[in-house]
Amino acid sequence: MRKIAIATGTRADWGLLSGPSRALRERDDCQVTVLATNMHLSPRYGNTIDEIRADGFTDIVTVPMPAETDTPLDAVKAMAACQTAMAEALDTLRPDLIVILGDRFEMLATATAALMLRIPIVHIAGGEISEGAVDDSIRHAITKMASLHLTAAEPYRRRVIAMGEEPQRVINTGAIGVYNILHEPLLTRNELEESIGMELGDRAILVTYHPVTLDTPGATPTMRATALLDALSEFPDSRVIITYPNNDPAGREIIPLIEEYGRRHPERVRVIPSLGKRRYLSALRYVKVVAGNSSSGIVEVPSMGIPTVDVGIRQRGRLASDSVIHCADSKEAIAEALRYALSPEGQQRARQATNPYSQPDTLDLMVKAIAETPLETLSSKKFHDIV
């Protein structure tokens, strides 16, 4: 029986990890424990640990961590608390390996704890680039701590190998979020509209905007978010769903802005802290555009055949479909990009685009790698030099 720990800190990463976690749990040779921390435990961000329970998981360990990170110093202190609590949880649990996705600061704390306890790390979504966020460095740091790598595209697989990881440990599985979109049972349009309390119409926009943690000096999240909201006001005929940002430093500055925007436009705007996986994926079926700077707009949304307006530099450097429209973070640039995205030309371009993150067997590849890679091959690493 292989004891597998799944680390999760946000609604977004659990939305990606829930499918592989369920598939692993259903195997006779695996025992799955979910380690839930950070935003999952915060009422402000929707107590999304309830979504883990709703997916049928009862073997859950809560790992305390402050979710209020208004400043970089707050984030460092939260990481320290997470690392201590995660180390204690892992020392008690003693899993055979731990699965970590992506590039969040709480996952860096988790990976460090696992490394020091000599628990092999399976890292999902390494090798990617997001130049506008400190997440970029965190992602690469976790790669060097991990023993097995499941990348979302072939260029990312090659990049992980270029970082010195042995090729046989690096598997291009495709992006699990794309697999989820194509296989998750979704709400009907009426069910979704009833859930959010608003009809979507035929020009709806779904918005998620996070702080740009490596923004230019003098720029603030408030300034950037205001430009986006002002641009949305140029489209009074569009219904808008806005979800909360994550809890990166300064993320809380954005929340009052979007809440006030929702109060000013109750007839066409809904602000929702967390849609959850099913409502979010369902919304992608019925909206016309996704806007903001979430990685989901780059990775998953193109598979729904709708445009993404990617605002600013946060996701700069990521492999992207032709359906993704990159724009500067001024009101004028965002409005121009939204006009194109909502136009017949922009909609047609998105319908015809292919998604470089899509593979038909993503879930099977991930589950097989996590459940069947011999543990003895993960106990030590060698640096792979490219000659």
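The values are calculated or read from the model by the stated rules, or taken from the named source; none is laboratory data. Just so we're clear, the structure is a prediction, and the values are computed from it rather than from any experiment. Note: ideal-geometry Cβ built from the backbone for every residue, glycine included; neighbour counts use all protein chains shown. Calculation scope for accessible area: heavy atoms of the full protein, side chains included, ligands and nucleic acids excluded. Shrake-Rupley method; radii C 1.70, N 1.55, O 1.52, S 1.80 Å.
Scanning the range 321-349 for residues that are touching a Cys at 6+ places or on another chain (Cβ under 8 Å) and either within 19 Å of Ser296 (Cβ to Cβ) or surrounded by 20 or more Cβ atoms within 10 Å (Cβ to Cβ) (or both) returns Ile334, Ala337. Looking across the range 96-118, the residues that are open to solvent by less than 10 Å² (accessible area, probe 1.4 Å) and either under 17 Å from Thr377 (Cα atoms) or at pLDDT 95 or above (or both) come down to Leu97, Ile98, Val99, Ile100, Glu106, Met107, Ala109, Thr110, Ala111, Ala113, Ala114. Checking each residue in the range 350-379 for being touching a helix residue (DSSP H, G or I) at 6+ places or on another chain (Cβ under 8 Å), among the hydroxyl-bearing types (Ser, Thr, Tyr) and open to solvent by less than 50 Å² (accessible area, probe 1.4 Å) picks out Tyr357, Thr362. In the range 363-383, the residues that are under 15 Å from Ala152 (Cβ atoms) form Cβ pairs under 8 Å with partners that are in a loop (DSSP other than H, G, I, E, B), at six or more places apart or across chains, as follows: Leu365/Thr173; Leu365/Gly174; Leu365/Gln359; Met366/Thr173; Ala369/Thr173. Taken over the range 83-109, the residue count meeting the criterion of being of a type outside the set (A, V, I, L, M, F, W, C) and under 19 Å from Trp14 (Cβ atoms) is 5. Looking only at residues of the range 267-299 that are open to solvent by 10 Å² or more (accessible area, probe 1.4 Å) and assigned to a loop (DSSP other than H, G, I, E, B), we find that the one that is farthest from Thr188 (Cα to Cα) is Ser294.
The number of residues in the range 160-191 being under 28 Å from Met366 (Cβ atoms) and either β-branched (Val, Ile, Thr) or assigned to a helix (DSSP H, G or I) (or both) comes to 17. Checking each residue in the range 123-142 for being outside any helix (DSSP H, G or I) and closer than 18 Å to Ile176 by Cβ picks out His123, Ile124, Ala125, Gly126, Gly127, Glu128, Ser130.
Screening Leu192, Leu150, Leu200, Leu206 for residues that are open to solvent by less than 10 Å² (accessible area, probe 1.4 Å), of a type in the set (A, V, I, L, M), at pLDDT 95 or above and touching a Lys or Arg at 6+ places or on another chain (Cβ under 6 Å) leaves exactly one candidate, Leu200.
Here the range 209-222 is the region considered, the condition is being among the hydroxyl-bearing types (Ser, Thr, Tyr) and free of Cβ contacts under 8 Å to residues at least 60 places away in the same chain, and the residue that is surrounded by the fewest Cβ atoms within 10 Å (Cβ to Cβ) is Thr216. The criterion of being within 30 Å of Ile119 (Cβ to Cβ), modelled with pLDDT of 95 or more and among the charged types (D, E, K, R) holds for Glu165.
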